[in-house]
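What follows is a short report on a single structure.
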Amino acid sequence: MTLKFATTADAPESAATPCIIVGLYEGRELTRAAARVDERSGGAIKRLIESGDATGKPGSSTLLFGLANIAAPRVLVVGLGEQKKFDSTAFHRAANDTGRALKNLPIEAAVSYLTEIDVPGRDNAWKLRAAALAADQQAYRYTATFKPKEAAQPPQLGSIAFAAPANEAKAARALAEAAAIAKGVRFARELGNLPPNICNPAWIAAQAKQIADEHAGVILEVLEREDMQKLGMGSLLGVAQGSAHPPKLVVLRWQGKDDKAKPYALVGKGITFDSGGISLKPGAGMEEMKFDMCGGAGMLGTFLAAVELKLPLNLVCVVPVVENMPDGNSYRPSDILTSMSGITIEVLNTDAEGRLILCDALTYVQKFDPEVIIDAATLTGACVVALGKHASGLMTQDDELAEQLLAAGNTAHDRAWRLPLWDEYQSQLDSAFADVANIGGKYGGAIMAGCFLSRFTSGRRWAHLDIAGTAWDEGRKGLATGRPVSLLTQYLIDRSA
Ligand code: BES
Ligand code: MN
Ligand code: ZN
């Protein structure tokens, strides 16, 4: 369950809630709400600054309890950093810090005054959405595969209200968008976090069915191995060959507009586990390859968010769901696969499998004559080396589409950075035995994968997002992030305006 979002016009001192949140800049500068709480409470916040307990540094927060003349028992003072440097990124940071602090409190509700703070270039609607999504991002808990708790649990945050001018239609819309995106993000995170012995191709197809069952107007089709054989999807089927789990091709459609309008196509990599296949991965870190379906989950989550908002556009979402395993029947290095497009592919590494399932999905989706095709995939370790964990890699030959996606990412703070797809790179994919090889040597690995996909989208407006670095957080306790659901939902919202 996502958090419930609301707005409030209550003054900070009179909000009847277990906790209010106010911001404090570095250098003793109080925000309006903090100043108000300070004044009513007889200087509680200034004393906190005097004693050095509150600094206003980014990432710091201090909890005050039982202040005089303040209705809420708790006041969370969140550090904002320097006022003159306060921008969108700092706002996101403060909103996420708030969410983390709230998670540890035994409370079911809170009221945040962070949305009153000025953010250059951003309006109230933006602040509401950003604050709400950050709160939900931090409130999420993964519990599916733990032993059910027997003892009573402390209360957990279930709702949060934000200070906003009363009766603003834009505010209601902003929170409706946040609620839909939060739902899509949670959907993607939960699928990503589930282990591959549960979250296998059939499981993902069942989740897609649930989306279709719960939303009038959504049409689902799941192609089985035999269907894919008939269509000639030799590339996807090659990857699937080594797994005991039969592959699925999930196709979801939404008609938010008349039939004549071309759909936006979302294609996501759904490798439920990537062992590397015969080109087996090293053991260390292999468990992270359960997240190799995050592109697919992200596209399903984006689709869910768009449908929740009943966006007035047509959508088709295609997710090839396959497990990549070593087996006596596995495909092997040097195999030649014939893709649905007819293009033949020399397999030089069975660990470059994502592009092999995506190419057939990209060919298939063109039967819907889409306006634009966007794919998302945890495609290359090279992308993580190039861009780290903060930016998704964006590749497209369409400058306008690039600008739109980069802008959506900035708005949603789910950012991407463009890498080139120049023709000069293409010859690295030459093969002596087939039309194209599935790997391109040691340089520019993320771009090589993009180049490979581009062979299957010629003549189309298409963009590729490599989310290998952004789809989950680092380390043993790293969870799926839900990226790029907010970027892509923002892109679709922008297109339907
Ligand atoms: N799923 C991996 C990419 C990946 C690796 C994502 C690490 C996140 C973290 C993909 O299928 C893969 O194995 N790619 C290879 C490509 C190589 C064989 C050309 C890679 O990146 O090493
Ligand atoms: Mn791989
Ligand atoms: Zn993979």
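All of the numbers you see were taken from the coordinates with simple rules; none came from a lab. What you are looking at is a predicted structure, and each value in this text was computed from that prediction instead of being measured. Cβ coordinates were reconstructed from backbone atoms using ideal geometry, including for glycine residues, and neighbour counts include every protein chain displayed.
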Over the chain, the sum of -39500 (n - 2.57) across DSSP H runs of at least four, divided by residue number and rounded to 500 deg cm²/dmol, gives at 222 nm -10500 deg cm²/dmol
Name the helices (complete DSSP H segments) of the chain with a Cα length along the long axis of 30 Å or more and a Kyte-Doolittle mean of at least -1.0, or state none. 169-193
For an R0 of 25 angstrom, estimate the FRET efficiency from the Cβ-Cβ distance between Ile219 and Arg495 and round to the nearest 0.05. 0.75
For Lys103, which aspartates and glutamates qualify as cross-link partners when the Cα separation must be under 12 Å and same-chain residues fewer than eight apart are set aside? Asp136
By its C-alpha gyration tensor, with a ≥ b ≥ c as the square roots of the eigenvalues, how is segment 1-128 shaped: rounded for a/c under 1.5, else prolate for a/b larger than b/c, else oblate? rounded
On a C-alpha basis, how far is the centre of segment 210-284 from the centre of segment 1-51 in Å? Whole number, if you could? 48
Determine, from the Cβ-Cβ distance of Lys477 and Lys4 and an R0 of 25 Å, the FRET efficiency 1/(1 + (r/R0)^6), rounded to the nearest 0.05. 0.40
Using the 10 angstrom Cβ neighbour count as an exposure proxy, how do Tyr364, Tyr264, Tyr443 rank, fewest first? Tyr443, Tyr364, Tyr264
In this structure, among Lys183/Lys262; Lys260/Lys367; Lys389/Lys477; Lys290/Lys477, pairs with alpha-carbon gaps over 18 Å are Lys183/Lys262
Could you give the nm distance between label points at Ile336 and Arg28, where each point is 7 Å from its Cα heading toward the beta carbon? 7.8
Residue exposure sequence - Glu424, Glu323, Glu116 - by fewest surrounding Cβ within 10 Å: Glu424, Glu116, Glu323
Can you give me the long-range amide H partners of Ala54? Hydrogens built in the peptide plane at 1.01 Å from N, cutoff under 5 Å, separation of 5 or more residues or another chain. Ile49
Percent antiparallel among DSSP beta bridges confined to segment 180-496, nearest 5, equals 50
If Leu401, Leu387 are placed from fewest to most neighbouring beta carbons inside 10 Å, the sequence is Leu401, Leu387
Shape call for segment 176-260, from the Cα gyration tensor axes a ≥ b ≥ c (a/c under 1.5 means rounded, otherwise prolate when a/b beats b/c, else oblate), comes out oblate
What is the spin-label model distance, in nm, from Lys281 to Glu226 if the labels are put 7 Å beyond Cα along the C-beta direction? 3.3
Everything considered on the Cα gyration tensor (a ≥ b ≥ c; rounded for a/c under 1.5, else prolate if a/b is larger than b/c, else oblate), segment 419-497 must be described as oblate
Per residue of segment 309-326, what does 6.51 cos²θ - 1.76 cosθ + 1.60 with θ = phi - 60° give for ³J(HN,Hα)? Whole Hz please, x for Gly and Pro, Karplus curve as stated. 7, 6, 4, x, 8, 9, 9, 9, 10, 10, 10, x, 10, 8, 10, 9, 10, x
Within the under-15-Å Cβ sphere about Glu287, not counting Glu287, Lys/Arg +1 and Asp/Glu -1 give a net charge of -2
If you average the alpha carbon positions of segment 377-432 and of segment 100-171, how far apart do those two centres end up, in angstrom? 31
Fully extended contour minus Cα-Cα distance, from Lys260 to Ala68, at 0.36 nm per residue: 62.8 nm
Starting from the Cα of Ser14, step 7 Å along the direction of its Cβ; do the same at Phe433; then give the gap between the two resulting points in nm. 7.8
Past the 26 Å Cα-Cα mark, which pairs from Lys209/Lys257; Lys85/Lys310; Lys209/Lys269? Lys85/Lys310
Relative contact order computed over the chain (Cα-Cα under 8 Å; 6+ residues apart), in percent: 14
